[in-house]
Amino acid sequence: KLAMDFPSEDILLMTASAVIKAVTNFKQVSKTLEEFDVEEQPSSLLEKRYPNIKVIQSGVKQLKSDEHKIYTEDGKEYLYEKLCLCAGAKPKLIFEGNPYVLGIRDTDSAQAFQRNLAQAERIVVVGNGGIALELVYEIQGCEVIWAIKDKAIGNTFFDAGAAEFLIPKLTAKNRETPIECKRTKYTVEGSEEKEVSVTASDKLGSALGPDWHEGLHLKGTKEFSHKVHIEMLCEVKKIHLQQEFVQLQRTSLAFPKEEKNAEPDEVPWPVYVELTNGKIYGCDFIVSATGVVPNVKPFLDGNNFAVGEDGGLKVDRHMHTSLPDVYAAGDICTASWEPSPVWHQMRLWTQARQMGWYAAKCMAADTLGESIDMDFCFELFAHVTKFFNYKVVVLGKYNAQGLGLDHELMLRCTKGQEYVKVVMQNGRMVGAVLIGETDLEETFENLILNQMDLSAYGEDLLNPDIDIEDYFD
């Protein structure tokens with residue numbers, strides 16, 4: 001965006017990764033819903049397309065905002081007029097520095113996970129967000145113990161009703177063939193052969209795209225396809241290595257069989273996970289899919305940034321941080337303006353793309369001394385994704401976020417086909433979850449944006465015999 005607006009200015013893109021993420025196959029589904037693929041490309045492609053962009057492949061060592069200077073890890077320094085920080089976030093690991101705990105957040109960690117899984121008979125997955133959901137669904141031939149702190153799966157996106165709707169898919173014996181993924185992958189030449197050193201794997205890679213598990217061969221050693229056991233309302237209390245566990249003389253559990261108490265496990269495992277519910281399971285390794293924390297560390301030293309409660313750099317409605325000429329966008333930032341009643345920040349690819357585009361518009365407007373209106377994408381929270389091979393659309397305050405008790409829910413569910421939930425407040429729609437091919441997203445988007453009083457329609461709003469799309473078009 002900046003390269004197009006300022007063709008005669010030099011634009012530097014600093015990245016620790018040899019590849020850049022490009023948004024491809026972009027499709028505007030509705031006013032606020034977007035679908036796209038994320039493709040890894042060599043940075044030279046970007047430089048070819050825009051001659052005024054120079055990609056500098058190096059991590060940032062230090063920012064000296066008072067001098068308008070960036071120091072990179074390869075010992076160079078760069079002056080900037082305006083700077084936008086888009087360093088994303090890093091995995092929030094349950095235990096740092098344990099070789100048996102893998103965090104998944106970028107393409108490099110996904111490959112490490114794939115290598116480990118090839119030898120695995122049992123893994124423990126900890127977390128209940130999008131990555132955890134996709135993992136437990138995609139993994140085959142390996143026992144999965146899934147530890148979640150909530151009383152239902154997919155708490156980030158769903159309520160207990162939606163979780164109940166999805167669970168049969170998790171235990172189904174036959175899996176549908178997934179639709180082929182359009183996203184192409186670009187790997188650094190020779191990276192396949194090289195063993196990644198521990199220090200290299202600590203460096204941040206580029207964040208995973210929305211279909212990150214496609215093309216990864218997520219198969220363990222066993223012949224069966226799907227074996228998932230969910231431990232709810234618990235967290236990891238402690239992790240014991242094999243030697244330490246033997247000395248403790250405690251009992252670990254075998255994989256639970258249906259409707260029976262788990263029996264003691266005789267198999268020695270490399271690592272043991274003790275849960276807060278008192279149960280202990282041995283496994284080959286643990287996947288920490290417990291969310292992310294903004295990657296602010298390289299920029300804080302010597303700079304007086306205002307930081308949000310979630311650890312991100314606070315930005316105003318023009319994506320400005322608290323420091324002059326420094327902007328931030330995506331996972332690293334915390335939206336600190338008064339948001340629309342039906343928008344909230346969530347660290348997702350869709351919002352990162354929107355914020356990056358809008359931040360460029362704001363930087364351009366500030367440079368030219370022009371005023372700019374808030375982008376329409378911040379009017380309504382809208383996200384479309386796929387879970388368990390179902391299309392999933394979430395709109396507005398889809399889980400009644402911040403509404404307290406002042407709301408009511410309406411549901412429509414056809415087992416194995418669709419799940420529709422709307423969140424109503426004072427007769428107006430403020431949020432919705434749509435699972436399956438419901439074709440209701442555009443209608444519901446309009447109803448939320450227009451804040452039309454729907455009291456008169458009552459339960460008929462979700463009556464499958466009434467074609468609601470025609471009704472409100």
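The trypsin sites (Lys or Arg not before Pro) of region 42-109 meeting both criteria, a DSSP state outside H, G, I, E and B (loop) and at most 14 other C-beta atoms within 10 angstrom of the site's C-beta, are 76. Shown here for region 28-98: GluC sites (Glu not before Pro) in loop regions (DSSP other than H, G, I, E, B) with at most 15 other Cβ atoms within 10 Å, namely 73, 81, 96. Placing a label point 7 Å from the Cα of residue 406 along the Cα-to-Cβ direction, the residues of region 326-345 whose backbone N falls under 14 Å from that point are 341-342. Using 31 Å as the Cα-Cα cut-off, could you pick out the over-long pairs in 151/415; 61/391; 90/151; 48/386? From the list (151/415; 61/391; 90/151; 48/386), the Cα-Cα distance tops 31 Å for 61/391; 48/386. Run the numbers on the chain and let me know its relative contact order in percent, using alpha-carbon pairs under 8 Å that are six or more apart. For the chain, the relative contact order is 16 percent.
Cross-link pairs exceeding 32 Å in C-alpha to C-alpha distance, out of 169/279; 27/397; 69/237; 1/69, comprise 69/237. Taking every DSSP bridge with both residues inside the chain, close to 65 percent are antiparallel. Extending 7 Å from Cα along the Cβ direction at residue 171 and again at residue 372 yields two label points whose distance is 5.1 nm. For the chain, which whole-number percentage of the solvent-accessible area (1.4 Å probe, protein heavy atoms only) is attributable to carbon and sulfur atoms? Accessible surface attributable to carbon and sulfur in the chain totals 49 percent. Take every DSSP beta bridge whose two residues both sit in region 16-161, then give the antiparallel share in percent to the nearest 5. The antiparallel proportion sits near 75 percent. For residue 105, the amide hydrogen comes within under 5 Å of the amide hydrogens of 110, counting only partners 5 or more places away or on other chains and with H modelled in the peptide plane. Both radii come from the Cα set of region 389-471: Rg as radius of gyration, Rh as Kirkwood radius; their ratio Rg/Rh reads 0.93.
Which of the GluC sites (Glu not before Pro) found in region 409-455 are loop residues per DSSP with 12 or fewer other Cβ atoms within 10 Å of their Cβ? When the GluC sites (Glu not before Pro) of region 409-455 are filtered for loop state and at most 12 Cβ neighbours within 10 Å, 437 remain.
Surface analysis of the chain yields an accessible area of 50 Å² per residue, using protein heavy atoms and a 1.4 Å probe. Scanning residues 5 or more positions from residue 125 or on other chains, those with amide H under 5 Å from its amide H are 145, 146, 147, 287, with H placed 1.01 Å from N in the peptide plane.
The values are calculated or read from the model by the stated rules, or taken from the named source; none is laboratory data. These numbers come from a predicted model, not from an experiment. Here the Cβ is made from the backbone with ideal geometry for all residues, glycine too, and neighbour counts use every protein chain on show. For the accessible areas, the whole protein counts, side chains as well, though only heavy atoms, and no ligand, DNA or RNA atoms are used. Shrake-Rupley method; radii C 1.70, N 1.55, O 1.52, S 1.80 Å.
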